[in-house]
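Structure incoming, see below.
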């Protein structure tokens with residue numbers, strides 16, 4: 001099957017329907033965004049915080065504070081918990097690039113103008129600014145869907161293009177990152193990816209090297225790479241999209257590697273990157289600087305592919321099951337020898353490999369696997385192929401089951417979105433995942449036991465950061481040493497752990513004592529009432545279980561819990577380095593409550 005043999009599209013004939021559709025979708029999404037952020041918000045954190053504050057700070061720093069840290073109110077950086085205000089060195093520091101801020105700039109300037117003239121605390125961080133942050137996220141979401149539909153229309157009938165973008169929007173975490181968390185980079189990158197595909201398709205079909213088209217492609221490509229350097233993968237789209245033979249590849253290379261096009265691209269990319277070079281020079285003294293200190297692709301030789309796809313810690317298919325049909329579409333395209341099938345399959349594997357090689361393969365606090373969000377623009381192509389072929393299925397039973405699955409996955413995504421939370425658990429914490437599903441009112445389980453797992457890959461609920469130099473599994477392990485005498489590794493209200501009374505806790509734990517078998521290190525199980533009065537206290541000495549120095553030793557034991565313990569009490573486990581000796585590593589904690 002050749003996707004390139006579609007009837008040429010006359011977008012003018014569809015313009016009225018298209019305008020009405022997106023004009024209705026924009027206010028709807030704006031209402032949904034305002035509702036989830038401010039009417040019934042999930043969580044109480046300020047909207048401009050963490051990574052979002054890092055992206056955003058360029059705007060107030062440039063247009064309000066003029067890069068003078070002394071003009072920023074004390075404690076603001078602590079509230080935002082992202083950028084750093086260094087008053088000693090007189091610098092405002094952020095590790096993020098300015099690409100997202102550039103896209104947001106028109107909206108910020110209008111917001112700031114209104115704040116000044118209406119006396120709405122024009123500091124860039126007041127409640128008015130936070131409420132206005134919903135607008136650009138929704139704007140770029142709608143624009144992204146608009147250009148994605150136009151791109152898909154080159155290959156599929158009108159109804160397939162509309163059904164595809166609606167399902168991609170409602171059935172994936174694009175909904176969350178467009179509606180609830182638009183200040184993150186992902187919906188902005190999704191817009192850039194969709195626009196890039198639309199422009200690239202026009203360039204490929206017409207072989208038009210018009211200045212405007214080439215400059216547009218260069219700007220979009222440069223902004224995408226600026227926001228996330230791994231987006232340089234867009235270059236493979238330029239080379240392989242719609243190619244069918246080796247001869248086509250040669251013709252494509254000759255088309256794009258023309259001196260005039262290369263010169264335009266280099267000049268455009270330099271202009272786009274120039275402000276970033278200037279900021280890096282201001283920050284570090286170098287025009288090119290790696291701002292993600294200590295954050296690298298440390299898993300190149302052992303990528304976490306299974307974890308990226310199926311882990312309870314943000315796994316793609318577990319939190320966005322509709323993405324399974326993206327892959328099904330790729331397989332169908334390859335099987336039917338459709339144009340782009342192999343290219344799309346390899347692209348999915350390549351993107352998965354690169355992200356699974358990042359040191360934090362689950363990408364921290366997120367709803368689902370967030371770095372994939374922008375790539376839904378490309379993967380909508382095989383999904384649309386699947387949708388079109390699904391409609392033509394002759395087996396009504398299979399067709400009905402698949403349609404029901406699609407609607408189930410959309411419902412799953414929407415419900416999970418409105419119950420979303422930072423995934424603080426471990427790589428394979430199935431009980432915690434099922435509890436999450438139950439809290440989303442999708443399932444109800446009879447709980448006879450509960451198993452808590454902590455592999456120290458995720459620092460979501462740990463008091464101290466784990467180390468990555470020594471681990472029993474994957475990358476990281478917890479530790480105590482001479483300066484860190486104790487490390488609390490578990491602390492929860494008993495009510496939050498289990499519905500039934502807890503009778504006993506079976507524990508498995510792995511310890512690496514370093515060179516000393518005599519550590520005097522201990523694991524302390526403690527139950528305290530809300531006033532911090534100790535009601536139960538039991539400890540085990542690691543030395544009783546150690547048999548090999550500089551190696552991992554397994555600890556297995558059981559804690560019997562008294563019946564008179566109140567369910568409002570707090571249960572905690574703490575590792576204590578009483579002797580304050582060398583570093584002691586611990587990993588892969590497993591607690592089974594019965």
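Each value in this text was obtained by applying a stated rule to the coordinates, not by laboratory testing. Bear in mind that the values here come from a model prediction, so they are computed numbers and not experimental data. Reconstructed Cβ throughout: ideal geometry from the backbone, glycine too, with neighbour counts over all protein chains shown.
How high is the FRET efficiency from residue 414 to residue 306, r the C-beta distance, R0 30 Å, rounded to 0.05?
Between residue 414 and residue 306 the formula returns 0.65.
What is the angle, in °, between the Cα long axis of helix 430-439 and the longest principal axis of the Cα atoms in the chain? Nearest 10 is fine, range 0 to 90.
70
What is the angle, in °, between the Cα long axis of helix 211-227 and the longest principal axis of the Cα atoms in the chain? Nearest 10 is fine, range 0 to 90.
Roughly 0 degrees between the two axes.
Further question: Let a ≥ b ≥ c be the square roots of the eigenvalues of the Cα gyration tensor of segment 26-138; is it rounded (a/c under 1.5), or, if not, prolate (a/b larger than b/c) or oblate?
Prolate shape, in that a/c is at least 1.5 and a/b is the bigger ratio.
While we're looking at this one, here's another question. Given 0.36 nm per residue, what is the gain on full extension from residue 464 to residue 298 after removing their alpha carbon distance, in nm?
57.6 nm
A further question on this structure: Going by Cα centres, segment 189-246 and segment 91-131 are how many Å apart?
Cα centroid of segment 189-246 versus Cα centroid of segment 91-131: 30 Å apart.
Helix-only mean residue ellipticity at 222 nm, the chain, DSSP H runs n ≥ 4 weighted -39,500 (n - 2.57), per residue, nearest 500. What is it?
-15000 deg cm²/dmol
Place a point 7 Å from Cα of residue 579 in the direction of its Cβ. Which residues in segment 513-529 have their backbone N less than 14 Å from it?
Backbone N within reach: 513-523.
With r as the distance between the Cβ atoms of residue 443 and residue 402 and R0 = 25 Å, compute the FRET efficiency 1/(1 + (r/R0)^6) and round to 0.05.
So, using R0 = 25 Å, E works out to roughly 0.70.
Working from Cα positions, state the angle (0 to 90°, nearest 10) between the long axis of helix 376-391 and the longest principal axis of the chain.
Tilt relative to the chain: about 80 degrees.
Note the full-extension length gain between residue 249 and residue 545 as 0.36 nm times their separation in residues minus their Cα-Cα distance, in nm to one decimal.
The residue 249-residue 545 span can extend by a further 100.3 nm.
Moving to a separate point now. Could you state the number of Å between the C-alpha centres of segment 136-154 and segment 282-333?
Answer, in whole Å: 23.
Another question, if that's okay. What is segment 51-132's relative contact order, in percent, from Cα pairs under 8 angstrom and six or more apart in sequence?
29 percent.
Classify segment 149-282: rounded, prolate or oblate, from the alpha-carbon gyration tensor (a ≥ b ≥ c, eigenvalue square roots; a/c under 1.5 rounded; otherwise prolate if a/b is larger than b/c)?
Verdict is oblate for segment 149-282.
Please tell me the relative contact order of the chain in percent, rounded to the nearest whole number, where contacts are Cα pairs under 8 Å and at least six residues apart.
Computed over the chain, the figure is 12 percent.
Then there's this: Once you have all Cα-Cα distances for the chain, histogram them in 20 Å bins from zero and send the whole-percent values.
18, 47, 30, 5, 0
Once a ≥ b ≥ c are taken as the square roots of the eigenvalues of the Cα gyration tensor of segment 446-593, is the result rounded (a/c under 1.5), prolate (a/b larger than b/c) or oblate (a/b not larger than b/c)?
It comes out prolate by the Cα gyration axes.
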